[in-house]
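What follows is a short report on a single structure.
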Amino acid sequence: MLAAAAVGLGGGEAQAKGGGGFDQGGYIMGTPGSVSIPVDTDDFFDLDPTFGWGFGGGYMFAEGKLFKATIGGVFEHSLVIFDDLDYDDLGGHLVRFMPEARIGAGTNKVWGYGLMGGGVAVVNVNWRNDFFDLDGRESAPGFNMQLGGGVQAIVYKNLFIGGEFDVDLGFFFEDDDDQFGSPRDDDFTIHTVSIEAIIGWYF
């Protein structure tokens, strides 16, 4: 009887863990839209607010009744829009690929967390001058560190939506001073704050 009860309890626990929501297991997520505001562009051109998107995935750990954490990776893309300039004449792209972790607490239906990550970033700038019939492209690699927080909520079975506030600290390295940096420095920074809408699925 004790053995049967133990098996029954174990089966009930397994059923509860497989019942959907924020539970231990894998996940995929996308960022269909984000708005980023540049707060510092040291040794770089002035930038306007921009928008982007991204996708990622990983694994959630759910220990105890409230603790939850995820580890995974994310790819992010946003436009580089220069202040007072036409994007067709001078514009660019910023891409990031970062391992990231979220640590927080919540129930099976909603949880909040802090976010941190860091990884590779690349800035690509394209320019065109119809008058002189010139066009070109330059890229600069770098490192990005991300800090922030957010909240996620289950809306249907394992489908979730959420929102995040991120601070991205980008540090870039350029060999050609005349394209990106000042005449005195090859390195430049692009620091932004972003608000992101997210949607995904926990398995």
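Bear in mind these aren't lab numbers, they're just calculated from the coordinates by the rules spelled out. Computed from a predicted model, the values in this text were never measured in an experiment. For neighbour counting, all protein chains shown are included, and Cβ atoms are generated from backbone atoms with ideal geometry for every residue, glycine included.
Would you mind checking which residues have amide H under 5 Å from W111's amide H? H placed 1.01 Å from N; only 5 or more apart, or other chain.
It is Q152, by chain and number.
Pulled fully out, how much extra length does the chain show between V193 and V122, if you take 0.36 nm times their separation in residues and subtract their Cα-Cα distance?
23.8 nm
Report the FRET efficiency, 1/(1 + (r/R0)^6), for V110 and D40, where r is their Cβ-Cβ distance and R0 is 35 Å, rounded to 0.05.
Once the sixth-power term is evaluated, E becomes 0.55.
Would you be so kind as to identify which of V110, I81, I199 lies farthest towards the positive end of the dipole of segment 24-202, taking Lys and Arg as +1 and Asp and Glu as -1 on Cβ and the Cα centre as origin?
Working it through, the farthest residue towards the positive pole turns out to be V110.
Evaluate E = 1/(1 + (r/R0)^6) for D84 and F55, where r is the Cβ-Cβ distance and R0 equals 25 Å; express this FRET efficiency to the nearest 0.05.
The value I calculate is 0.20.
Using Cα pairs closer than 8 Å and at least 6 residues apart in sequence, work out the relative contact order for segment 24-202, in percent.
24
Using the Karplus curve 6.51 cos²θ - 1.76 cosθ + 1.60 with θ = phi - 60°, what ³J(HN,Hα) values do you get for each residue of segment 187-203, in whole Hz, with x for Gly and Pro?
Couplings: 9, 8, 10, 9, 10, 9, 10, 9, 10, 10, 9, 10, 8, x, 9, 9, 9 Hz.
Mind listing the long-range amide H neighbours of G33? Cut-off is under 5 Å, sequence gap 5 or more, other chains count too, H placed in the peptide plane at 1.01 Å from N.
A197
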